[in-house]
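Some notes on the structure that comes next.
What follows is calculated from the coordinates using simple rules that are stated; it is not laboratory data. The shown structure was predicted, so the numbers you read here are calculated from the model rather than taken from an experiment. A quick note on method: Cβ atoms are made from the backbone with ideal geometry, for glycine too, and the neighbour counts reach across all protein chains shown.
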Amino acid sequence: MNRLAGKVALISGGARGMGESHARNIVAEGGQIVIADVLDDLGQALAEELAPNALYVHLDVTSTSDWDNAVAKAVEAFGKLNVLINNAGILIYAPMTTITDEQWDKLISINLTGSFKGIRAASAALIRFAPSSIINISSTAGLMGSAGGSAYVSSKFGVRGLTKAAAVEFGRDGVRVNSVHPGNIATPMTAGMTMPFSHVPMNREGVPNEISPLVLFLASDESSFSTGAEFIADGGESAGNATPFV
């Protein structure tokens, strides 16, 4: 229960869904967590539940000043910062021929640029308090295309590329950078979406607590020689289409 003892993590989009699961698991393993989100009521309630090992800060990931404030609050409250989890994201599916400039710009600014701004804001603290870990939540959409998902796929491939660039840039500073690629996971973001899972070898969607163990591994010193890599938890989806040929 102490795999993350002495670790302080900052997670964007931490108020619900996968972010909430990761936050709960980090505290359960002895770590301290800064929950950052735009969902203030949910985030504050979660931080109060996990107190004294949790703090909530308002964070719009598209805002440079919000990121700077979140990092400063983490160091002020817990004395250090050595784990960054870029988890915040949105999902917009629309045909490439009809997606609007506003939809494209909004999704890219949150999913990709938000992760970049998080890394830039946290890098000095992560280097100072190394060994440190950056965990970027991508998707199976960062590994393969999806009809109607041009913006989402582009953002998640971008997160994958950003991960590798950061891993190379910060490797000698004691900062590891890896990406996690979940498949279909039941969260509020995907609520209302209906699809058969016959293409997935395990024939189902996942749940957030099936992704959190990967995040814990990457946040801990157990992954001390892993950087610039992709970690996949998708029920076998990226291995190949499980739909039988008839």
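What the table below lists for this structure:
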quantity: Ordering of 162-172, 55-65 by packing [mean C-beta count within 10 Å, highest first]; calculated: 55-65, 162-172
quantity: The chain: calculated mean residue ellipticity at 222 nm from DSSP helix runs of at least 4, using -39500 (n - 2.57); calculated: -11500 deg cm²/dmol
quantity: Column: log10 I(q)/I(0), Debye, Cα scatterers of region 89-185, q = 0.17 Å⁻¹; calculated: -0.72
quantity: Length gained when the stretch Ser109-Ala77 is fully extended (0.36 nm per residue, less Cα-Cα span); calculated: 8.7 nm
quantity: Lysine pair count for the chain [Cα-Cα under 22 Å; pairs on different chains or 8 or more apart]; calculated: 10
quantity: Choice from Phe157, Phe78, Phe197 showing the highest fluctuation, given a GNM over the chain with Cα pairs closer than 10 Å; calculated: Phe197
quantity: Between region 160-229 and region 1-70, the Cα center-to-center distance that results, in Å; calculated: 17
quantity: Within-15-Å neighbourhood charge of Pro131 [Cβ basis; K, R +1; D, E -1]; calculated: +3
quantity: Neighbour-count order for Arg176, Arg24, fewest beta carbons within 10 angstrom listed first; calculated: Arg24, Arg176
quantity: Selected from Ala124, Ala74, Ala147 as most flexible by GNM, with the chain as the system and alpha-carbon contacts under 10 Å; calculated: Ala147
quantity: Local electrostatic count, Val175, Cβ distance below 15 Å [Lys/Arg +1, Asp/Glu -1]; calculated: +4
quantity: Listed peptides 211-217, 179-185 by packing density, highest first (mean Cβ within 10 Å); calculated: 179-185, 211-217
quantity: GNM flexibility winner over the chain from Gln32, Gln103, Gln44 (Cα, springs under 10 Å); calculated: Gln103
quantity: Rounded FRET efficiency, nearest 0.05, which uses the C-beta distance separating Ser238 from Asp68 and R0 of 30 Å; calculated: 0.25
quantity: Rounded Å value of the spacing that divides the Cα centres of region 137-157 and region 71-126; calculated: 16
quantity: Net charge of Cβ neighbours under 11 Å - reference Asp68; Lys, Arg +1; Asp, Glu -1; calculated: +2
quantity: When the convex hull of its Cα atoms is projected in every direction, mean area for the chain (nm²); calculated: 13.3
